[in-house]
1. I want to confirm something. Restricting to the range 71-84 and keeping residues that are touching a strand residue (DSSP E or B) at 6+ places or on another chain (Cβ under 9 Å) and in a helix (DSSP H, G or I), which single residue is farthest from T131 (Cα to Cα)?
2. Write out, first by first residue and then by second, each pair whose Cβ atoms fall under 8 Å of each other, whose residues are 6+ apart or on separate chains, and whose first residue, in the range 109-134, is among the charged types (D, E, K, R) while the second is modelled with pLDDT of 95 or more and assigned to a helix (DSSP H, G or I).
3. Looking for something modelled with pLDDT under 95, of a type in the set (A, V, I, L, M) and either within 26 Å of R178 (Cβ to Cβ) or in a helix (DSSP H, G or I) (or both) - is there at least one such residue anywhere in the range 277-293?
4. Specify the residue that is surrounded by the fewest Cβ atoms within 10 Å (Cβ to Cβ); the eligible residues are those in the range 231-241 that are at pLDDT 95 or above and under 16 Å from the mean Cα position of the chain (by Cα).
5. From the residues in the range 116-135 that are of a type in the set (S, T, Y) and part of a loop (DSSP other than H, G, I, E, B), which one is farthest from the chain's Cα centre (by Cα)?
6. Check the range 308-322 and report whether any residue there is under 22 Å from P197 (Cα atoms) and either of a type in the set (K, R) or touching a residue at least 40 places away in the same chain (Cβ under 8 Å) (or both).
7. How many residues does the range 307-354 contain that are assigned to a loop (DSSP other than H, G, I, E, B) and either loosely packed, with under 15 Cβ neighbours inside 10 Å or not assigned by TED's automatic domain parsing to the domain that holds E186 (or both)?
8. Would you mind stating whether L336 is more than 21 Å from the chain's Cα centre (by Cα), of a type outside the set (G, A, S) and at pLDDT 85 or above?
Amino acid sequence: MRAFRVELGSASHDVYVGAGLLDELGRLALDAGIKPGRVAIVTDSTVGPLYGERATASLRNADFKPVTITIPAGEASKSLEVLGTVYDRMTEAELDRASTVFALGGGVVGDLAGFAAASYLRGLAIVQVPTTMVAQVDSALGGKTAINHQLAKNLIGAFHQPRLIVADVATLATLPEREFREGLSEVIKYGAIMDAPMIGDLERDLDAILARNGAALEAVVARSLEHKAAVVSADEREDGLRKILNFGHTVGHAIEASAGYGNYLHGEAIAIGIVAALQLSVNYAGLSADQASPIKELLERAGLPTKMPEQWNRAEFIRALRLDKKRRYDFVEFVLLDRLGHAFTQKLQFEQIVASLI
C-alpha cells in the first residue's frame, strides 16, 4: 500500500493506493475522523453488484449505517434528472449534516456524488472510492464535482474536496479492456506536462500495466495521483498552475459533447485532444516533433484513438469549444508544451485550434 497526504489546509486529506483496500474502507474512514452513523454509498448499476456488498460490510464493521443509492451506469447519468433522483434517495435515507457520502465507482459516480454532497444540506462530507483507471489516476483527486449540460461537459458543478480517497487497484481487474485503456491517456498526460522521465518509464512498463500487474498498477496510480496532488495543493481553484492539468482536455471535452456523450469514452476523447495539443505545441510553442512523437506513440501502443472522428461535425465541435470553461471572449487559454515535461497556457483563437485538426 502507498499513502500520502494532499495538503490543502483545513481541507487536507489522505490518499491510499493498494490492492484489497476496499475491505479496509471502514477503518480508513474512522482514521480520517469520519464519525460513525448514517452514510450513503452512491454507486452505479455496474459497480454496485461487483463491489457494493464489500464496501457495505466494511462500513458496517466500523459502526457506520450505510444506505446504497444506485444510478444507471454511463455518462448520461451526469444529468439534472439523475441528480434529482439522488437527492430524493438522500432525503428518504434521512441523511443529516453529520452524514458522509461514499462515491463507489468511476468518474461519473465521483462527479455526480461529489456534486450531490457539495449541494445537499449545503454540503456533506464526500469520500472518493474510485474503481476505474480514469478515476484512480485523475478524477477522484482535486475536488472538482459536476454534472453535464446538454451543450457542454461539466458545465454545472462545484469545488468540494474529499475527506479521504481510497483507490483499490484490485478493482481494476474487472474493468472492461476499453475502459481500462482509456485511463492511460490521463497517465500519459502527467508525463507530458510535468514528468518527462515518466514517458520513458511508461514505454518500459506499459506491457506490465496493460497486463494489470498489481505492483505496476499500484506504482503508476500512486505516481499519477502524487503529481496531481502537488498541482492541486499549489492551486486548488485553478487560478494558475492547475490549468496545466487540462492538457488535451479542451479538444477532448468538445469531442465528447459534439459527438454525443458516451460515443467516445472520456479517455479516448482526451487521447485525441492530447495529439491535437501536441500539434498546436509544435505550431505555436516551439515543441520539437521529436519530443511530440513518443507521446503519440504511447497513446497508440495503449490502443487509444489519435485522430479526429470521421465525418466530425465542425459546427457542433466549435459550438462545444465555445462553451469551454477556459474560454475568454474569442479565445481559449490552451495548454501547450514548449518541451517534454513542461506545460503552460497560451491564448489561442478558436480558428487556430480548429485549423490544427483538419
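The values are calculated or read from the model by the stated rules, or taken from the named source; none is laboratory data. Predicted model only: the values in this text are computed from it and were never measured. Using ideal geometry, Cβ is built from the backbone for each residue, glycine included, and neighbour counts are taken over all protein chains shown.
1. Of everything passing the filter in the range 71-84, L80 is farthest from T131 (Cα to Cα).
2. D111/S139
3. Scanning the range 277-293 turns up no residue that is modelled with pLDDT under 95, of a type in the set (A, V, I, L, M) and either within 26 Å of R178 (Cβ to Cβ) or in a helix (DSSP H, G or I) (or both).
4. Here the residue is E236.
5. T131
6. Among the residues of the range 308-322, not one is under 22 Å from P197 (Cα atoms) and either of a type in the set (K, R) or touching a residue at least 40 places away in the same chain (Cβ under 8 Å) (or both), which makes the answer no.
7. 7
8. Answer is no for this residue.
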